Amino acid sequence: MSKPLFMRIVHRLSTEVQYFAPTEDALGRSSLSPIQKCTAAIRQLAYGGGADTVDEYVRLGETTARNCLHQFTAAIIDLFGDEYLRRPTPEDLERLLHKGEQRGFPGMIGSIDCNMNDLNILDRSPVFDDIINGVDPEVNFHVNGREYNLAYYLTDGIYPEWATFIRSIRLPQGPKHSLFATAQESVRKDVERAFGVLQARFTVIKNPSSLWKKIEDS
(Lines give C-alpha, C1' and ligand atoms only; values in the text may rest on other atoms or scores of the structure.)
Protein backbone atom coordinates (compact mmCIF):
# COMPACT_ATOMS: atom_id res chain seq x y z
CA MET A 1 0.00 0.00 0.00
CA SER A 2 1.36 3.42 -0.93
CA LYS A 3 2.18 5.81 1.90
CA PRO A 4 -0.26 8.55 0.73
CA LEU A 5 -3.12 6.03 0.66
CA PHE A 6 -2.18 4.67 4.07
CA MET A 7 -1.96 8.14 5.58
CA ARG A 8 -5.29 9.10 4.04
CA ILE A 9 -6.91 6.13 5.76
CA VAL A 10 -5.18 6.90 9.06
CA HIS A 11 -6.30 10.54 8.91
CA ARG A 12 -9.94 9.67 8.21
CA LEU A 13 -10.07 7.07 10.96
CA SER A 14 -8.24 9.19 13.56
CA THR A 15 -10.51 12.20 13.01
CA GLU A 16 -13.86 10.46 12.44
CA VAL A 17 -13.76 7.24 14.47
CA GLN A 18 -13.40 7.53 18.23
CA TYR A 19 -11.53 4.24 18.64
CA PHE A 20 -8.65 5.52 16.48
CA ALA A 21 -8.49 9.04 17.94
CA PRO A 22 -5.28 9.90 19.85
CA THR A 23 -5.78 9.81 23.62
CA GLU A 24 -3.77 10.23 26.81
CA ASP A 25 -3.86 8.40 30.10
CA ALA A 26 -4.21 9.99 33.56
CA LEU A 27 -0.48 10.80 33.61
CA GLY A 28 -0.60 12.58 30.28
CA ARG A 29 1.14 9.79 28.38
CA SER A 30 0.02 9.14 24.81
CA SER A 31 -1.90 5.93 24.20
CA LEU A 32 -1.50 3.75 21.13
CA SER A 33 -1.30 5.94 18.05
CA PRO A 34 -3.70 5.72 15.10
CA ILE A 35 -0.76 4.57 12.96
CA GLN A 36 -0.07 1.65 15.32
CA LYS A 37 -3.71 0.56 15.30
CA CYS A 38 -4.10 0.83 11.52
CA THR A 39 -0.80 -0.94 10.94
CA ALA A 40 -1.85 -3.81 13.20
CA ALA A 41 -5.13 -4.24 11.31
CA ILE A 42 -3.61 -4.00 7.84
CA ARG A 43 -0.80 -6.45 8.64
CA GLN A 44 -3.35 -9.04 9.76
CA LEU A 45 -5.22 -8.56 6.49
CA ALA A 46 -2.08 -8.56 4.38
CA TYR A 47 -0.38 -11.59 5.89
CA GLY A 48 -3.42 -13.54 7.05
CA GLY A 49 -1.90 -14.23 10.44
CA GLY A 50 -3.52 -14.34 13.85
CA ALA A 51 -3.89 -11.39 16.18
CA ASP A 52 -0.76 -12.45 18.12
CA THR A 53 1.53 -12.08 15.09
CA VAL A 54 1.81 -8.29 15.29
CA ASP A 55 2.66 -7.91 18.99
CA GLU A 56 6.39 -7.35 18.56
CA TYR A 57 6.13 -5.27 15.38
CA VAL A 58 3.60 -2.69 16.59
CA ARG A 59 3.92 -3.33 20.34
CA LEU A 60 0.37 -4.20 21.25
CA GLY A 61 -1.25 -7.29 22.67
CA GLU A 62 -3.34 -9.96 20.99
CA THR A 63 -6.69 -8.71 22.29
CA THR A 64 -5.93 -5.13 21.24
CA ALA A 65 -4.79 -6.29 17.81
CA ARG A 66 -8.03 -8.20 17.37
CA ASN A 67 -10.04 -5.13 18.39
CA CYS A 68 -8.05 -3.02 15.94
CA LEU A 69 -8.97 -5.36 13.10
CA HIS A 70 -12.68 -5.38 13.98
CA GLN A 71 -12.81 -1.61 14.40
CA PHE A 72 -10.75 -1.03 11.25
CA THR A 73 -12.87 -3.15 8.92
CA ALA A 74 -16.12 -1.67 10.25
CA ALA A 75 -14.77 1.87 9.93
CA ILE A 76 -13.53 1.32 6.37
CA ILE A 77 -16.99 0.17 5.29
CA ASP A 78 -18.64 3.06 7.12
CA LEU A 79 -16.31 5.79 5.81
CA PHE A 80 -15.56 4.57 2.30
CA GLY A 81 -18.46 2.27 1.49
CA ASP A 82 -20.63 4.93 -0.14
CA GLU A 83 -17.81 5.68 -2.59
CA TYR A 84 -16.30 2.27 -3.28
CA LEU A 85 -19.06 -0.24 -2.41
CA ARG A 86 -21.97 1.59 -4.00
CA ARG A 87 -24.06 0.43 -6.93
CA PRO A 88 -23.01 1.68 -10.38
CA THR A 89 -24.38 5.09 -11.28
CA PRO A 90 -25.95 5.69 -14.72
CA GLU A 91 -22.60 7.16 -15.79
CA ASP A 92 -20.74 4.08 -14.53
CA LEU A 93 -23.18 1.80 -16.34
CA GLU A 94 -22.79 3.70 -19.59
CA ARG A 95 -18.99 3.45 -19.32
CA LEU A 96 -19.14 -0.29 -18.61
CA LEU A 97 -21.50 -0.94 -21.52
CA HIS A 98 -19.26 1.05 -23.84
CA LYS A 99 -16.19 -0.95 -22.83
CA GLY A 100 -18.07 -4.21 -23.22
CA GLU A 101 -19.25 -3.31 -26.71
CA GLN A 102 -15.73 -2.31 -27.73
CA ARG A 103 -14.56 -5.79 -26.74
CA GLY A 104 -17.27 -7.54 -28.72
CA PHE A 105 -19.90 -8.06 -26.00
CA PRO A 106 -22.71 -5.49 -26.29
CA GLY A 107 -24.91 -5.40 -23.19
CA MET A 108 -22.18 -6.87 -20.97
CA ILE A 109 -21.58 -4.92 -17.75
CA GLY A 110 -18.76 -7.01 -16.29
CA SER A 111 -17.46 -10.40 -15.27
CA ILE A 112 -18.19 -12.37 -12.12
CA ASP A 113 -15.59 -14.56 -10.50
CA CYS A 114 -16.00 -15.21 -6.79
CA ASN A 115 -12.84 -17.28 -6.99
CA MET A 116 -12.93 -18.96 -3.58
CA ASN A 117 -15.93 -21.04 -2.54
CA ASP A 118 -18.07 -19.84 -5.45
CA LEU A 119 -21.33 -21.52 -4.49
CA ASN A 120 -21.31 -20.15 -0.94
CA ILE A 121 -20.55 -16.64 -2.18
CA LEU A 122 -23.20 -17.04 -4.86
CA ASP A 123 -25.73 -17.71 -2.12
CA ARG A 124 -24.71 -14.70 0.00
CA SER A 125 -23.94 -11.95 -2.53
CA PRO A 126 -26.56 -9.16 -2.90
CA VAL A 127 -25.51 -8.90 -6.54
CA PHE A 128 -27.00 -12.31 -7.16
CA ASP A 129 -30.12 -11.39 -5.18
CA ASP A 130 -30.73 -8.62 -7.71
CA ILE A 131 -30.28 -11.05 -10.58
CA ILE A 132 -32.72 -13.55 -9.06
CA ASN A 133 -35.27 -10.79 -8.50
CA GLY A 134 -34.85 -9.46 -12.02
CA VAL A 135 -33.41 -6.14 -10.91
CA ASP A 136 -30.54 -6.26 -13.38
CA PRO A 137 -30.04 -2.96 -15.25
CA GLU A 138 -32.14 -2.77 -18.40
CA VAL A 139 -30.28 -2.04 -21.61
CA ASN A 140 -31.09 -2.28 -25.29
CA PHE A 141 -28.77 -3.94 -27.79
CA HIS A 142 -29.00 -6.13 -30.87
CA VAL A 143 -27.18 -9.37 -31.66
CA ASN A 144 -27.70 -11.13 -34.97
CA GLY A 145 -30.77 -9.03 -35.68
CA ARG A 146 -32.46 -9.86 -32.35
CA GLU A 147 -33.17 -7.25 -29.69
CA TYR A 148 -32.24 -7.81 -26.03
CA ASN A 149 -33.05 -5.59 -23.05
CA LEU A 150 -31.28 -7.22 -20.10
CA ALA A 151 -27.66 -6.69 -19.17
CA TYR A 152 -25.49 -9.74 -18.49
CA TYR A 153 -22.25 -10.89 -16.88
CA LEU A 154 -19.56 -13.21 -18.20
CA THR A 155 -18.89 -16.23 -15.98
CA ASP A 156 -17.16 -19.59 -16.02
CA GLY A 157 -18.81 -22.99 -16.08
CA ILE A 158 -19.47 -23.32 -12.33
CA TYR A 159 -22.32 -20.81 -12.34
CA PRO A 160 -25.97 -21.75 -12.94
CA GLU A 161 -27.64 -21.37 -16.32
CA TRP A 162 -29.27 -18.02 -15.69
CA ALA A 163 -30.22 -15.66 -18.50
CA THR A 164 -27.91 -12.98 -17.10
CA PHE A 165 -24.88 -15.32 -17.03
CA ILE A 166 -23.04 -15.92 -20.30
CA ARG A 167 -20.80 -18.90 -19.67
CA SER A 168 -17.91 -20.02 -21.80
CA ILE A 169 -18.16 -23.11 -23.99
CA ARG A 170 -16.26 -25.83 -22.16
CA LEU A 171 -15.46 -28.03 -25.17
CA PRO A 172 -15.95 -25.82 -28.24
CA GLN A 173 -16.61 -27.63 -31.48
CA GLY A 174 -15.78 -25.84 -34.72
CA PRO A 175 -14.25 -22.44 -35.44
CA LYS A 176 -17.35 -20.44 -34.44
CA HIS A 177 -17.59 -21.90 -30.95
CA SER A 178 -13.80 -21.77 -30.54
CA LEU A 179 -13.74 -18.08 -31.45
CA PHE A 180 -16.50 -17.30 -28.95
CA ALA A 181 -14.84 -19.28 -26.16
CA THR A 182 -11.51 -17.56 -26.76
CA ALA A 183 -13.07 -14.08 -26.77
CA GLN A 184 -15.26 -14.77 -23.73
CA GLU A 185 -12.41 -16.19 -21.65
CA SER A 186 -10.09 -13.35 -22.67
CA VAL A 187 -12.51 -10.69 -21.42
CA ARG A 188 -13.43 -12.67 -18.30
CA LYS A 189 -9.76 -13.00 -17.33
CA ASP A 190 -9.75 -9.31 -16.37
CA VAL A 191 -11.62 -9.88 -13.12
CA GLU A 192 -9.60 -13.03 -12.38
CA ARG A 193 -6.39 -11.04 -12.69
CA ALA A 194 -7.82 -8.39 -10.38
CA PHE A 195 -8.58 -11.07 -7.77
CA GLY A 196 -5.05 -12.38 -8.26
CA VAL A 197 -3.60 -8.97 -7.39
CA LEU A 198 -5.79 -8.73 -4.29
CA GLN A 199 -4.78 -12.22 -3.17
CA ALA A 200 -1.12 -11.37 -3.62
CA ARG A 201 -1.43 -8.27 -1.45
CA PHE A 202 -3.95 -9.49 1.12
CA THR A 203 -3.39 -13.11 2.10
CA VAL A 204 -6.54 -13.13 4.22
CA ILE A 205 -8.57 -13.29 0.98
CA LYS A 206 -7.28 -16.69 -0.11
CA ASN A 207 -6.61 -18.45 3.21
CA PRO A 208 -8.89 -19.42 6.09
CA SER A 209 -9.10 -16.75 8.77
CA SER A 210 -6.66 -17.14 11.65
CA LEU A 211 -8.40 -14.49 13.73
CA TRP A 212 -10.03 -16.84 16.21
CA LYS A 213 -8.64 -19.81 18.09
CA LYS A 214 -10.49 -23.10 18.15
CA ILE A 215 -11.70 -23.86 21.66
CA GLU A 216 -11.40 -27.52 22.55
CA ASP A 217 -14.07 -29.14 24.66
CA SER A 218 -12.92 -29.81 28.20
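The values are calculated or read from the model by the stated rules, or taken from the named source; none is laboratory data. No experiment lies behind these values; they were computed from the predicted model shown. As a convention, Cβ positions derive from the backbone with ideal geometry for all residues, glycine included, and neighbour counts pool all protein chains shown.
What are the residues in region 73-116 that are part of a helix (DSSP H, G or I) and among the hydroxyl-bearing types (Ser, Thr, Tyr), if any?
From region 73-116, those part of a helix (DSSP H, G or I) are 73-84, 90-102; that's our starting set.
Once the filter is applied, which keeps residues that are part of a helix (DSSP H, G or I) and among the hydroxyl-bearing types (Ser, Thr, Tyr), region 73-116 yields Thr73, Tyr84.
Just to check your reading of the model, which residue among Phe80, Phe20 is outside the structural domain of Phe195 (by TED's automatic domain parsing), among the aromatic types (Phe, Trp, Tyr) and surrounded by fewer than 16 Cβ atoms within 10 Å (Cβ to Cβ)?
After applying the criteria, what remains is Phe80.
Can you name the number of the only condition in (1) free of Cβ contacts under 8 Å to residues at least 40 places away in the same chain; (2) assigned to a helix (DSSP H, G or I); (3) over 21 Å from the mean Cα position of the chain (by Cα) that Tyr19 fails?
The failed condition is (1).
Are there any pairs, at least 6 apart or on different chains, whose C-beta atoms fall under 6 Å, with the first in region 47-65 and over 18 Å from Ile35 (Cβ atoms) and the second outside any helix (DSSP H, G or I), and if so, which?
Gly48/Asn207; Gly49/Ser210; Gly50/Ser210
If you scan region 181-207, which residues turn out to be farther than 16 Å from Tyr153 by Cβ and either outside any helix (DSSP H, G or I) or of a type in the set (Phe, Trp, Tyr) (or both)? It would help to see each step written out before you state the result.
Filtering region 181-207 for residues farther than 16 Å from Tyr153 by Cβ gives 181-182, 193, 196-207.
Those that are farther than 16 Å from Tyr153 by Cβ and either outside any helix (DSSP H, G or I) or of a type in the set (Phe, Trp, Tyr) (or both): Phe202, Lys206, Asn207.
Which members of region 67-93 meet the condition of being at pLDDT below 90 and more than 17 Å from the chain's Cα centre (by Cα)?
Scanning region 67-93 gives Thr89, Pro90, Glu91, Asp92, Leu93.
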